[in-house]
Amino acid sequence: MAAVNRHGGVRVADMVEQLGVSEMTIRRDITSLVRRGLVSRVHGGAVAPSRSAQEPAFALKAAQQQAEKARIGRLAASRVAAGDSVALSAGTTTLAVARALTALPHFATLTLVTNSLPAADVLHEAVMKAREAGQPAPTLLLTGGERTPSDALVGPATVDYLRGLRVDWVFLGAHGFDPAIGLMTPNLQEAATNAALLATGRSVVAVLDSSKWGVRGVRAFCRLEDLAVLVTDSPPDDETVRAAAVHDFELEVATDDD
């Protein structure tokens, strides 16, 4: 519980190593804690209990799974080619994608759209550095809208702005993922905005660290059949692997070597 409270979640393998007990013991402990409502079980471990209508603050999420999100961001961004147009949803993993995009050698040739204030800040800083150095810079577009606890801009104004846009890539984060339902969020307006983002894209890429497996929100916004790729940090469960085969989307795992 101390590890969950400190990091937001734990992996079974890490707890086995730290506590010097068997994997079965850790899994039994997690089951006991789940029954008491103290943690939520996810693939490979446990996380702090999540309510389907509860939206955590951005700063809290940003402190969790940082290395994993950075790996996911680099692998996801590697798909973007020179001259591509890219839309980024709000979220801490899509923020990692934004950081990775700024490191691409062809960053200056991109057109970037986001409803994420933190992602916009990262991208804008890179744009200003390029301009101050007399170098080409990408086009950066920030939607309007109402600000949420996750630092997203959402609502009717955002949806209207996105309605006429078409981009090559849409990178979507999510509060939770279920292989029978898809990507979910606890914020109804964010769900509508993410659905509008999804509709702008030729190819949709979900970027989800493994703490999102089995976590639910009150509203789904992306069905599995809408995905082209799902990028994560550890091998997903068998149900997700089967869903990828049925709905024809790629599963990519960002390892330490990526």
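Sorted fewest first by neighbouring Cβ atoms within 10 angstrom, K129, K69 come out as K129, K69. Exposure proxy ranking for I26, I72, based on other Cβ atoms within 10 angstrom of each Cβ and starting from the fewest, stands as I26, I72. Relative contact order, whole percent, for the stretch 77-156 stands at 32, derived from Cα pairs under 8 Å and 6 or more residues apart.
Orientation-averaged projection of the stretch 140-186 equals 4.4 nm² [convex hull of Cα atoms, one quarter of hull surface area]. Compared with the alpha-carbon gap, the fully stretched path from E146 to S78 is longer by 21.4 nm at 0.36 nm per residue.
How much of the DSSP bridge set in the chain is antiparallel, in percent, rounded to the nearest 5? Once the DSSP bridges in the chain are tallied, antiparallel ones form about 40 percent. Please give the residues of the stretch 218-237, grouped as numeric ranges, whose backbone N is less than 19 Å from a label point set 7 Å along the Cα-to-Cβ vector of Q18. Residues 234 fall inside that zone. Using bins of 10 Å that start at zero, the share of Cα-Cα pairs per bin across the stretch 58-253 amounts to 10, 40, 38, 11, 1, 0, in whole %. Remark: the H247-A180 segment gains 23.0 nm on full extension, using 0.36 nm per residue and subtracting the alpha carbon distance. Note on the stretch 180-258: antiparallel DSSP beta bridges, both residues inside, total approximately 30 percent of the bridges counted.
Checking understanding here: applying a Kyte-Doolittle mean of at least -0.5 and a length along the axis of at least 15 Å (C-alpha), which whole DSSP H helices in the chain pass? Helices passing the filter in the chain: 23-35, 66-77, 92-102, 117-132, 188-200. Set the Förster radius R0 to 30 Å, insert the Cβ-Cβ distance between M128 and A228 as r into 1/(1 + (r/R0)^6), and round the FRET efficiency to 0.05. Result of the calculation: an efficiency of 0.40. Taking every DSSP helix (H) stretch of at least 4 residues in the chain, weighting each as -39,500 (n - 2.57) and dividing the sum by the residue count yields a mean residue ellipticity at 222 nm of -11500 deg cm²/dmol.
Remark: spin-label model distance R166-L188 equals 3.3 nm, labels positioned 7 Å along the Cα→Cβ axis.
Normalised by the number of residues in the stretch 58-253, the mean separation of alpha-carbon contacts (under 8 Å, six or more apart) gives a relative contact order of 20 percent. With neighbour counts taken as other beta-carbon atoms within 10 Å, the residues V10, V207 rank, fewest first, as V10, V207.
FYI, it's all coordinate maths here, none of it is from the lab. Fair warning: this is a prediction, and the values are worked out from it, not measured in the lab. As a convention, Cβ positions derive from the backbone with ideal geometry for all residues, glycine included, and neighbour counts pool all protein chains shown.
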